[in-house]
Amino acid sequence: MALPSTIYRAVISLSDVDRGIYETLQTTVARHPSETEERLAGRLLAYALFYEPDLAFTKGVGAGDEPDLWLKGPDGRTLLWVEVGLPEPERLIKAGRHSEQAALIACGRTLAAWEQQHLPKLRQIANLTILLFDQTFITSLAARIERSINWLLTINDNTLYCDIGAETFETTLLVQGGGSARHA
């Protein structure tokens, strides 16, 4: 018998000074049994970093042909395709072909090796933006994930601050690629 997904309720108070977005985001997200808390933290960060009113989580891990998040236009075209983790380059090449903008929140324990092996090839995708996240930052957020998530995120001058309770975590947003997916 397959294990069920775990449901999380998240409230993210977003102050994205760089894009001029100040919103309280409320969402419910399912964590597949095979998904790590680090990847869940990455998906929540992606939701906030690329937030637009119609940005939506997809079926995720269970739907191999869908990204983690996407923004679709009124005509059904994919305007923004967002992946989280360390996917195979072919998946990101496909994302670049099938959407106006593609983005990757690159995080994972083998990020350094993945970056060295795949970034040169991915830099050729003109509409792809890659945000590299320090594993220590992601691990710190993941260690504090509870079923009810309450984050205060501030983005200013390409620095991300995340307040969880009385603790503040900080990281620089390292951007690779030529896409402009973090548009206002």
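Looking across Leu104, Leu119, one residue alone is of a type outside the set (Ser, Thr, Tyr), surrounded by fewer than 20 Cβ atoms within 10 Å (Cβ to Cβ) and either touching a residue at least 24 places away in the same chain (Cβ under 8 Å) or outside any strand (DSSP E or B) (or both). It is Leu119.
Please state which one of Thr136, Thr129, Thr110 is among the polar types (S, T, N, Q), out of contact with any helix residue (DSSP H, G or I) (no Cβ under 6 Å at 6 or more places or on another chain) and farther than 21 Å from Thr36 by Cα. Every option except Thr129 fails the conditions. Just one of the listed residues (Leu104, Leu79, Leu128, Leu122) is under 20 Å from Thr159 (Cβ atoms) and not hydroxyl-bearing (Ser, Thr, Tyr), and it is Leu104. Within segment 1-39, the set of residues being part of a helix (DSSP H, G or I) and out of contact with any helix residue (DSSP H, G or I) (no Cβ under 7 Å at 6 or more places or on another chain) comprises Arg39 only. Only residues that are over 22 Å from Glu38 (Cα atoms) and under 13 Å from the mean Cα position of the chain (by Cα) were counted across segment 72-83, and they come to 1. Scan segment 71-87 residue by residue and report those that are touching a residue at least 24 places away in the same chain (Cβ under 8 Å), surrounded by fewer than 22 Cβ atoms within 10 Å (Cβ to Cβ) and in contact with a Leu (Cβ under 7 Å, 6 or more places away or on another chain). Correct list: Leu86 only. Just for segment 123-162: of the residues that are surrounded by 13 or more Cβ atoms within 10 Å (Cβ to Cβ) and small (Gly, Ala, Ser), which one is nearest to Gly96 (Cα to Cα)? So the residue we want is Ala142. Name the residues in segment 163-177 that are in a loop (DSSP other than H, G, I, E, B) and exposed (fewer than 13 other Cβ atoms within 10 Å of the Cβ), would you? Answer for segment 163-177, where residues must be in a loop (DSSP other than H, G, I, E, B) and exposed (fewer than 13 other Cβ atoms within 10 Å of the Cβ): Gly165, Ala166.
Among the residues of segment 1-48, those identified as among the small types (Gly, Ala, Ser), over 17 Å from the mean Cα position of the chain (by Cα) and more than 17 Å from Val84 (Cβ to Cβ) are Ala2, Gly20.
Here segment 44-62 is the region considered, the condition is being assigned to a helix (DSSP H, G or I) and without any contact (Cβ under 8 Å) to a residue 60 or more places away in the chain, and the residue that is nearest to Ile21 (Cα to Cα) is Tyr47.
No value in this document is a laboratory result; all are computed from the given coordinates. None of the values given here were measured: they were computed from a predicted structure. Cβ atoms come from the backbone with ideal geometry, glycine included; neighbour counts cover every protein chain shown.
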